[in-house]
Structure formats: structure tokens, C-alpha cells
Amino acid sequence: MALVGFFCLSLFAQTPEVLKSDGISAETQEQYEAAAKAFEAAAKAFHAQNIIDTVCIYHAGANYARINQHEKAIPFLQESIELGYNVGRASRLLSDAFFGLKDVEKAEAALLAGKSNVPEEEFEFDKKLAYLYFNSGQYERSAEFFEKVLTQAPQNKNYLYLYGFSLERIKKYQEAMAIFEEMQQLFPNDKRARKMLGIVLFELTDERNTKEVANYESNKGAKLEDYINTKKRLENINAGYEKARLLLEQALKDFPNDKQLIHTLYKTYKKQSKEEEAAKMKSRL
């Protein structure tokens, strides 16, 4: 804090070149608040001399973004983009600032504009868009963009996980299961993938079970043979509940407070008529 105070007191008496140097020094020392203030003061001092210093403008915005002072960061980053300085990075930081202010629409617009303006950085923008859509609950779009970035980084653990999670959210259980099974092969010790594999396996099994029962019940002319065949199919389908249970119980040791996991295990026990175990899970919700 002393360093920040020193910078604040000295801003009024220094030339723009010295202020800029102070900003660079503070940023190097990871004193981002001091750096932001120094670069802002330098940019204004240069402007008073009819000089536009794009380095100061960009770094003022970037450092305000680093300390989550989003409203201060935005005008500097917008100006940096307008001046054509470090447009790709400035656009992504601008998106972060808008997202920090909970303006998802403007955050998305900043990324789409940046992607159009700097096509050679398409991969970086696609990554940011994937995260933006995921973090704002737009799972259809996040699945689309994580699938896209995985073509460039096919074995990236985090992209695979978030892609699979997005697929699970939009009820594409078969595709999600394939992703988490791939993760299990690539990263056998990844606990998140094992947990999600159990969750998705339950959801896929439950979906198939519900569909099979509905098909039978809609058959008004069902005969004994239909009943027997349906029962056999349900036995095969419902084996998935047991496989899911084993995965979920193992995952619970690693994620004892995970509400999605606990709720899924509760539903699994109910499906298997394990009422005592189900009651224990319900008490943890």
C-alpha cells in the first residue's frame, strides 16, 4: 500500500515520460493499482501535449482490468481498440470487464468484434467465447465452441471436461458419456471425469428407462409377450443404474459436498429401492 500511496502523491509533479516509466516499473513489480494510476496519469499528461500514447492507454486499461476495476478499465480498452493498439488482447480484456459488470451481451459483442478485427487470433477468441457462454449458462453455445477449440487442442483436459459438462447440461447424454470416457482413458486419475461419468450414466439410463416404460404404457393392445420383452429390455437398461452407483459412490469420497453428485446418488438409490441409503443422501441435500 505504501508503494501505491507514493505513486499517487508523485503523479502530479512528474513528466509524462517519468509517469510512464513509473507505470512500467510498478507493473513489473505486480503493483497493478499503482501501475494503472501511473499509466492513466501518463496518458492524460501526454494528451495535454497533444500526444496520443497508445502504450499508456492500453496499459492503464489492462491494469485496471487486473484489479477488477471494470468501469475504469473499459474506456481505456475501448480507446486502445479504436486506435488499433493490441486490439486482440484489448478486446478480450474488454470482454472480461463487461462480464465483470454482468453485461454478458456486451462481453460477447466485444469478443465477436475482436475476432472479426483480428482473424489471426481466432483460436484465442473462440476459447474466450466458449468460457463466456459456459459461465453465463449458455450451454448449447459453449458446447459448440468447446468442440471447435478441441480441434486445435484435442487432448486439453479442461476443454474436454467443460465440453462434456456442457453436453450433459443440454441432455446430450450419449455424447457427454463418450467425452468423459475419453477423459478416463487419457487421464485415468482425473476425479472430475469419473464423477461426471457416473452422473451422465445415471441420466442416460434414466432417460432410456423412462422412454421404454412410456412406449409400453402407450401400447393399448399390449400382450403378455410385449410385457415379457419390455421387462427384459428394462433389466438390460437398468443395469446402468448399478454401474452408475458404483462410480457415484467412489466419486462421493472425492467430492463429499457436491450437491449434483449427492442428488444423483439419491435418485440412483431410489431407483434401486435402497431407501435407507437414499434417506442418508437426502439429509445431505
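The values are calculated or read from the model by the stated rules, or taken from the named source; none is laboratory data. Given the structure is predicted, the values throughout are model-derived calculations rather than measurements. Every residue, glycine among them, receives a Cβ derived from its backbone with ideal geometry; neighbour counts consider all protein chains shown.
Within the stretch 100-115, residues that are among the polar types (S, T, N, Q) have Cβ atoms under 8 Å from residues that are surrounded by 16 or more Cβ atoms within 10 Å (Cβ to Cβ) in no pair, counting only partners at least 6 apart in sequence or on another chain.
Number of residues in the stretch 173-195 that are of a type in the set (G, A, S) and either more than 19 Å from E147 (Cβ to Cβ) or buried (at least 16 other Cβ atoms within 10 Å of the Cβ) (or both) equals 2. Say whether the condition of being among the basic types (K, R), exposed (fewer than 12 other Cβ atoms within 10 Å of the Cβ) and outside any loop (DSSP other than H, G, I, E, B) is met by at least one residue in the stretch 208-216. Within the stretch 208-216, one or more residues are among the basic types (K, R), exposed (fewer than 12 other Cβ atoms within 10 Å of the Cβ) and outside any loop (DSSP other than H, G, I, E, B). The residues listed here are K157, K102, K148, K128; of these, the one that is under 28 Å from P188 (Cα atoms), among the basic types (K, R), surrounded by fewer than 16 Cβ atoms within 10 Å (Cβ to Cβ) and modelled with pLDDT of 95 or more is K157. Criterion applied to A153, A176 was being within 12 Å of E203 (Cβ to Cβ), small (G, A, S) and not assigned by TED's automatic domain parsing to the domain that holds G198, and the one residue passing it is A176. Just a yes or no: is a residue in the stretch 115-122 buried (at least 22 other Cβ atoms within 10 Å of the Cβ), closer than 26 Å to I81 by Cα and not charged (D, E, K, R)? No, every residue in the stretch 115-122 fails to be buried (at least 22 other Cβ atoms within 10 Å of the Cβ), closer than 26 Å to I81 by Cα and not charged (D, E, K, R). Quick one: which residue in A41, A73, A34 is surrounded by 19 or more Cβ atoms within 10 Å (Cβ to Cβ), part of a helix (DSSP H, G or I) and within 23 Å of the chain's Cα centre (by Cα)? Only one candidate passes the filter, namely A73. Tell me yes or no: at least one residue of the stretch 196-203 is surrounded by fewer than 21 Cβ atoms within 10 Å (Cβ to Cβ) and in contact with a helix residue (DSSP H, G or I) (Cβ under 8 Å, 6 or more places away or on another chain). Within the stretch 196-203 (the criterion being surrounded by fewer than 21 Cβ atoms within 10 Å (Cβ to Cβ) and in contact with a helix residue (DSSP H, G or I) (Cβ under 8 Å, 6 or more places away or on another chain)), the answer is yes, since at least one residue qualifies.
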